[in-house]
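*Asks:* Take this structure, written in structure tokens, and hold onto it; I'll ask about it next.
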């Protein structure tokens, strides 16, 4: 791993900058990682950040393909997926506005381990070599990327346990909550086919779960679009994993500003 260098981020403390960054607000940045950076750090890397819009099913990383860019999700969701030899696919992790894709690429892993496909939204992307170079001269940025690796690893472990131990209905609620947070809207596009693929189950199972949640008044589902009608109720029905990862995120980066 990179060694810590002199911190050139200025006199601002992490507490005063976490989730309340004026530069991020001025540039419409919703990503929690970017918003938690010290002002001087974010200002310096801002010219290298490129805003892109993502479309449904877009692949941003291929397994074993070179990782040229890292994506700070600004809206929407990136699903980390594993495809088996028989063609079946399951989500093993997800990156929303709380994170960055492939943080391990900054520490020597230069090829993608899993595929990454998106739910429509947007992201701020930066070249891997540029971000790595900035880390070498900015201690605060280096610390933040170390935390990103920890969070990504924790999420993979939590997802593995969740897929094995929790019911389809609980997992469905967890996934909808994550998508809702990152869509920054109560309503977002989602098909039963896509959700079934993400959860690694048959479409019929997702349809039954969605019907149950709709009858319970927690969601509305019309023509490939889902609306969260009772977020609190959905949290009550979800497994512990949603709350566990929110707590981990808060412990590492603080509470993001509500927009």
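*Asks:* Among 83, 153, 101, which one moves the most in a GNM of the chain with springs linking Cα atoms closer than 10 Å?
*Replies:* Result: 83 has the largest fluctuation of those listed.
*Asks:* Share of Cα-Cα pairs in the stretch 167-238 beyond 16 Å, in percent? Walk me through the intermediate numbers first.
*Replies:* On the way: 971 of 2556 pairs.
For the stretch 167-238, the share of Cα pairs beyond 16 Å comes to 38 percent.
*Asks:* Using 0.36 nm per residue, how much length does the chain from residue 53 to residue 26 gain when fully extended, once their Cα-Cα distance is taken away? Intermediate results must be reported in sequence, preceding the final value.
*Replies:* Details: separation 27, 0.36 × 27 = 9.72 nm, distance 1.87 nm.
Extending this stretch completely gives an extra 7.8 nm.
*Asks:* For the chain, what does -39500 (n - 2.57) per DSSP helix run (n ≥ 4), summed and divided by total residues, give at 222 nm, in deg cm²/dmol to the nearest 500?
*Replies:* Working: 11 runs with 115 residues, N = 259.
That comes out to -13000 deg cm²/dmol.
*Asks:* Let me ask something additional. Measure nothing fancy, just the Cα-based angle from helix 168-183's long axis to the longest principal axis of the chain, in degrees from 0 to 90, nearest 10.
*Replies:* Roughly 40 degrees between the two axes.
*Asks:* For the chain, modelled as a GNM with alpha-carbon contacts under 10 angstrom, which of 118, 55, 92 fluctuates the most?
*Replies:* 55
*Asks:* Can you give the extra length, in nm with one decimal, that the chain gains between residue 250 and residue 153 once fully stretched, where that is 0.36 nm per residue apart less the Cα-Cα distance?
*Replies:* Length gained, residue 250 through residue 153: 33.4 nm.
*Asks:* Please compute, over every Cα-Cα pair in the chain, the percentage with a separation greater than 31 angstrom. Mind dumping the intermediate values first?
*Replies:* Working: 7829 of 33411 pairs.
Of all Cα-Cα pairs in the chain, 23 percent lie more than 31 Å apart.
Every read-out reported here was derived from the displayed coordinates using simple, explicitly stated rules and does not represent laboratory data. What you see is a predicted model, and the numbers here were worked out from it, not measured in a lab.
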